[in-house]
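Below: one structure, written as structure tokens.
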Amino acid sequence: MPTRIANANWEGDFKRGGGTVAVDSGLFSGPYNFSGRFESGTGTNPEELLGAAHASCFTMALSEICQNVIEHAGRGGWVAVHAYRFVKRLGRWAVVIAVCDAGIGFRQSLESTHGPRAADRWDDRMALEETVMRGASRFLDPGRGRGLAGVRKFIHSWDGKFSVRSGTARIAIVPSWDQDLPMRENLAFFPGAQVQMTLPERLPDVEQ
């Protein structure tokens, strides 16, 4: 991923001063000050900018997963969103987003381009590992297969959970607060793919 640059300057004292924050691309520049952050004044603030950044990452992650349904399944899919309060495991709220389809699944999708793999064990588990962990794709043009890696990175930054089920297997990126297994096999056959993201509520840092 390329390096991105932002710049900020500040003039004056803490309460009466102010500054400007700008991104290197030139697409955004705006003022910020004490009143805009801690009161109801005008101008942007760090929390607002961070919220916009997280919202952008979230929509891109969800778009990548939904795009996989369109490109790999060859038919429509479903999206479900629900909020739960994980009292025992987290003590806070979490949003669970599930995207699924009844298409051809990960293994058959890879085989449609690459053909059956000449391996001692080419099955649904290996297809999930190749796709989710190693970025394999049925599309041969450069850059393909990186989308799920970006989704994994985004969910990890939120200490979230990411799982993908297809065929008779399910792979998961398991955070420390969850006790699930990273790989499950011999499940009831699922013809397409089911992708689930669990994003915990992000609480403000508590000063010690």
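See the values below:
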item	result
Qualifying residue in region 23-37 (condition: in a helix (DSSP H, G or I), among the hydrophobic types (A, V, I, L, M, F, W, C) and either surrounded by fewer than 16 Cβ atoms within 10 Å (Cβ to Cβ) or without any contact (Cβ under 8 Å) to a residue 60 or more places away in the chain (or both))	yes
Filter result for Pro31 (more than 30 Å from Gly103 (Cα to Cα) and in contact with a Gly (Cβ under 8 Å, 6 or more places away or on another chain))	yes
Hits in region 89-114 - residues which are of a type in the set (D, E, K, R) and within 15 Å of Arg75 (Cα to Cα)	Asp101
When residues of region 180-204 are limited to those that are free of Cβ contacts under 8 Å to residues at least 24 places away in the same chain and not aliphatic (A, V, I, L, M), the one least open to solvent (accessible area, probe 1.4 Å)	Asp180
All positions within region 65-94 that are open to solvent by 50 Å² or more (accessible area, probe 1.4 Å), within 30 Å of Arg138 (Cβ to Cβ) and modelled with pLDDT of 80 or more	Trp78, Val79, Ala80, Val81
Considering residues of region 3-46 that are β-branched (Val, Ile, Thr) and in contact with a Phe, Trp or Tyr (Cβ under 9 Å, 6 or more places away or on another chain) only, the residue modelled with the lowest pLDDT	Thr44
Some residue of region 55-73 being within 23 Å of the chain's Cα centre (by Cα) and under 30 Å from Lys15 (Cβ atoms)	yes
Test: residue in region 11-19 that is in a helix (DSSP H, G or I), open to solvent by 90 Å² or more (accessible area, probe 1.4 Å) and either free of Cβ contacts under 8 Å to residues at least 12 places away in the same chain or under 26 Å from Glu201 (Cα atoms) (or both)	no
Filter result for Leu49 (at pLDDT 85 or above, in a helix (DSSP H, G or I) and under 24 Å from the mean Cα position of the chain (by Cα))	yes
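The values are calculated or read from the model by the stated rules, or taken from the named source; none is laboratory data. These figures come from a predicted structure and were not determined experimentally. Cβ sites come from the backbone with ideal geometry, for glycine too, and all protein chains shown count toward neighbours. SASA here: full protein model, heavy atoms, side chains in, ligands and nucleic acids out. Shrake-Rupley method; radii C 1.70, N 1.55, O 1.52, S 1.80 Å.
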